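Every number here is computed from the coordinates shown, using simple stated rules; none is lab data. Since the structure is predicted, the reported quantities are computational estimates derived from the model, not experimental observations. Neighbour counts are summed over all protein chains in view; Cβ atoms, including those assigned to glycine, are modelled from backbone coordinates with ideal geometry.
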Amino acid sequence: MFGRKKSRTTVPALRRVRTTATLRPLRHRLDPSAVEEIPFLADDGLRIGLTRVDTGEADRPAVLLLHGHTASADMFLAPEIRNLVDVLVDNGYEPWLLDWRGSCRLPYNETGRRYTYDDVALYDIPAAVSHIRGRIGDRPLFAVAHCIGSIALAMSMTAGLVPDLAGVVSQGVFLTPKLAGRMSLRMSVAGELMKSRFDHIPVDFRKVGLRSKYTPLFALASRGASCPDPTCQILHNSAWGMGVSLFVHENLSAETHDRLADLLGPAPMWIMPHLRRMALANSVVRWHDTDHRYRALPVNALDAADRIDTRVLLMAGTENGLWGDSQKVCHEVLARRQPLLDVAYVEIPGYGHLDTFVGRGAALDVFGHIVDFLDKQDASR
Ligand SMILES: [Zn+2]
């Protein structure tokens, strides 16, 4: 029955995809002259985004911020809260924000050449690190990474492609992706079904319309939901149809809640096999087995963890509905297998996944841990 639906001549009437690689404008409340958007290409020539926040001081340590998949640099700049960029600037750091190819400010989740997380680890993150180093000279460079941004960074690090970072903060998941129970089952069953019917899962019900092939997905996501907003339901209640929660609802401000469809974009279904392979291995693994272009990446990043040459802070909300206790597990596994690595672990009580960065109280409850970690590394250099 799915063969019929995949007919090449049928174009879904309401499928709106973006076709240019121009970045959607950032949303922030910084002085526009302090925001330097750099025309930037990944190492395979793909147009991606890199932004520097100019603090007017040329001697500050730099911090590269890596968003999660389908999010964007906007998640660190949310104007409605005291955000991570505010806190870094106030504490003496120079923020740099990468929009890697999975950013919703870019079109690639909906159109263009498909990619895997291998491409992010090989082409996007090392290019950004190398560009930033070219600009900052021998100033320290830290990285703070969320979700898939952190998985990709783990792959770049264990490939030796981003040596000598001054310290890394990883949120949600790092080297041991372990999907929350309900989700891993859905990934294997529903994921296959959805993959054959949709090539991406939209989040903005207003764009999709009332009657479309996505309607059953939104209907499924609304089951048992306490919030009437369909975009919130598909994210908070369902994580793009995968049945887990991306954030603790009451941790978001009303303004953030109203613009969830800006903060998180459509999720491509064709990335699922790579994610599933990682979830089955409970490890960050390379997708490309035989393509020699990817041989710089380790087959299994956890097995190559001895190549990590910097201190790492693993961070997770106690209510993370997507990755469960992956960070706790990662901390235990690394302590056992790589006792020489300096890896710390901190739990944020009452927080889920995305709200650790966009929650209205994140500056009070979360960012202090990040700044303390950066300050410590910086003082020890
Ligand atoms: Zn809601």
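The figures follow:
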| quantity | calculated |
| --- | --- |
| Per-residue Cβ neighbour rank within 10 angstrom, fewest leading, Met75, Met157 | Met75, Met157 |
| The stretch 127-183: relative contact order in percent, alpha carbon pairs under 8 Å with at least 6 residues between | 40 |
| Positive-pole candidate from Leu84, Ala73, Pro107, dipole of the stretch 62-111, charges at beta carbon | Pro107 |
| Highest average packing first - 84-92, 158-166, 288-296, Cβ atoms within 10 Å | 84-92, 158-166, 288-296 |
| Ratio of Rg to Rh over the stretch 95-146 (Cα coordinates, Kirkwood Rh, two decimals) | 1.02 |
| Rounded to the nearest 20 debye, dipole of the stretch 100-184 from Cβ charges on Lys, Arg, Asp, Glu | 200 |
| Farthest toward positive dipole pole in the stretch 233-337 [+1 Lys/Arg, -1 Asp/Glu at C-beta], among Leu313, Val284, Ala254 | Val284 |
| Summed residue charge, Cβ within 12 Å of Asp124's Cβ, Lys/Arg positive, Asp/Glu negative | -3 |
| Cα centroid of the stretch 245-261 to Cα centroid of the stretch 85-112, whole Å | 19 |
